[in-house]
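Trainee: Provided herewith is a single structure, encoded as C-alpha cells, for subsequent inquiry.
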Amino acid sequence: MSSGMRIIVAEDEQEFNLRAASLVVETLESLNNPLVTFPTGMTPLGMYRALVAEYRDRPLWRTLRFVSLDEYAGLPPDDPRLFSLWVAKECLDPLSVPLENRMCFVSNASDIDAEARRMNEWLLIHGPLDLAVVGIGSNGHIAFNEPGTAFESGAHALALTPESIRSNARYWGGEDHVPRHGITLGLANLAAARHTIVLASGAGKSDILARALTGPVTVDVPASYLQTISNVSILADKAAAQYII
Ligand code: F6R
C-alpha cells in the first residue's frame, strides 16, 4: 500500500455516508473553484443524500465545476438511464450547482470518439481534476475503465464488456436494457486528480479492494493505479475493509 494513502473505516452505513459527505465537503472547501467528478452507482447514493441533507447551504456549490466520470453512449438526452441525469437528480440539482458549470459527455454525439477528444481537450484547458470521487467495481474497474485498459488512457469510447453489462443489469431490470457502448474518463485523467476519494462498501468489494491497494500494480486491476498517486483517501465500511486493516 502506498504511504500517502489514508484509510478510513466506517462502522455502519450511516457513518459511511456521513463520513463520505464530510470528506468531500472538507476537500472541496480547501480548494478554489474546484473541478470534481462524481460516480454513479449504489455505493455513493447515501453520500449524495447526506450532502443534500447536511451541506446544501454551503456556498461552495455555486462555484463547483463538475465533469462527467462516465456515461452510456448513444442514448437520447432525456433517456432515464443517462448517468448525467442520475447525478443531476441525486446531487447537482439539489445542491444548486449551476448548469453552466457542468461539463457532461454528450451521449448521443454523432461521433463518440470525437466526443472523447472534446473531453480531453477541455481537460487540457480546464483541468486537471481537483477531486475525483470514485467507486470500484468488483473486477477492479473504475468508471468504464475495465481490466486491460492502459494506465495512460485519456477519455475514450468503448464497447461495454460482458461483465459491465451484467453488473449494470441490476439498475435497469435486465441485461437487455443495458446500453452496449460507453464513454469514460481514462485512468490518466483520474490519476492526474489532485485529490482522490475512493468509496467501497460491502463484503463484495473486500477482495478487490485488497488486490487494488496491496497487490501488483497491473492493468488487470485498473484500480491499482491508486497505488501510484498521492492524496488518496479510501473510505470503506468494515465489510469492504476486512482484508486491508
Ligand atoms: C460509475 C462508476 C463505477 C462504479 C462501480 C461500483 O460511475 O464509476 O466504477 O463506481 O461500478 O458501483 P456500485 O457503487 O453500484 O457498486
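The values are calculated or read from the model by the stated rules, or taken from the named source; none is laboratory data. From a predicted model like this one, the values you see are computed outputs, not experimental measurements. For neighbour counting, all protein chains shown are included, and Cβ atoms are generated from backbone atoms with ideal geometry for every residue, glycine included.
Trainee: Out of the residues in region 203-225 that are within 13 Å of the ligand (Cβ to nearest atom) and without any contact (Cβ under 8 Å) to a residue 60 or more places away in the chain, which is nearest to ASP12 (Cα to Cα)?
Mentor: Among residues in region 203-225 that are within 13 Å of the ligand (Cβ to nearest atom) and without any contact (Cβ under 8 Å) to a residue 60 or more places away in the chain, the one nearest to ASP12 (Cα to Cα) is ALA203.
Trainee: Then there is this: Which residue, of ALA188, ALA157, is more than 15 Å from the ligand (Cβ to nearest atom) and assigned to a helix (DSSP H, G or I)?
Mentor: Matching residue, one of ALA188, ALA157: ALA188.
Trainee: Turning to a different aspect of this structure: Taking into account only those residues within region 117-154 that are within 13 Å of the ligand (Cβ to nearest atom) and of a type in the set (Gly, Ala, Ser), which is surrounded by the fewest Cβ atoms within 10 Å (Cβ to Cβ)?
Mentor: The qualifying residue surrounded by the fewest Cβ atoms within 10 Å (Cβ to Cβ) is SER138.
Trainee: May I pose another question? Which one of SER68, SER84, SER110 is free of Cβ contacts under 8 Å to residues at least 24 places away in the same chain and either under 30 Å from ASP220 (Cβ atoms) or in contact with a His (Cβ under 8 Å, 6 or more places away or on another chain) (or both)?
Mentor: It is SER84.
Trainee: How many of the residues making up region 169-185 are assigned to a strand (DSSP E or B) and either at pLDDT below 95 or more than 12 Å from the ligand (Cβ to nearest atom) (or both)?
Mentor: 1
Trainee: Quick one: ALA53 ticks every box in (1) surrounded by fewer than 22 Cβ atoms within 10 Å (Cβ to Cβ); (2) within 14 Å of ASP93 (Cα to Cα); (3) within 18 Å of the chain's Cα centre (by Cα); (4) of a type in the set (A, V, I, L, M, F, W, C) except a single one, so which number is it?
Mentor: Among (1) surrounded by fewer than 22 Cβ atoms within 10 Å (Cβ to Cβ); (2) within 14 Å of ASP93 (Cα to Cα); (3) within 18 Å of the chain's Cα centre (by Cα); (4) of a type in the set (A, V, I, L, M, F, W, C), the lone unmet condition for ALA53 is (3).
Trainee: Run down SER96, SER22, SER107 and say which single residue is assigned to a loop (DSSP other than H, G, I, E, B), surrounded by fewer than 19 Cβ atoms within 10 Å (Cβ to Cβ) and more than 12 Å from the ligand (Cβ to nearest atom).
Mentor: Just one listed residue meets the conditions, SER96.
Trainee: Which of the numbered conditions does GLU90 fail, given that it passes all the others? Conditions: (1) within 16 Å of the ligand (Cβ to nearest atom); (2) within 26 Å of VAL221 (Cα to Cα).
Mentor: Of (1) within 16 Å of the ligand (Cβ to nearest atom); (2) within 26 Å of VAL221 (Cα to Cα), only one is false for GLU90: (2).
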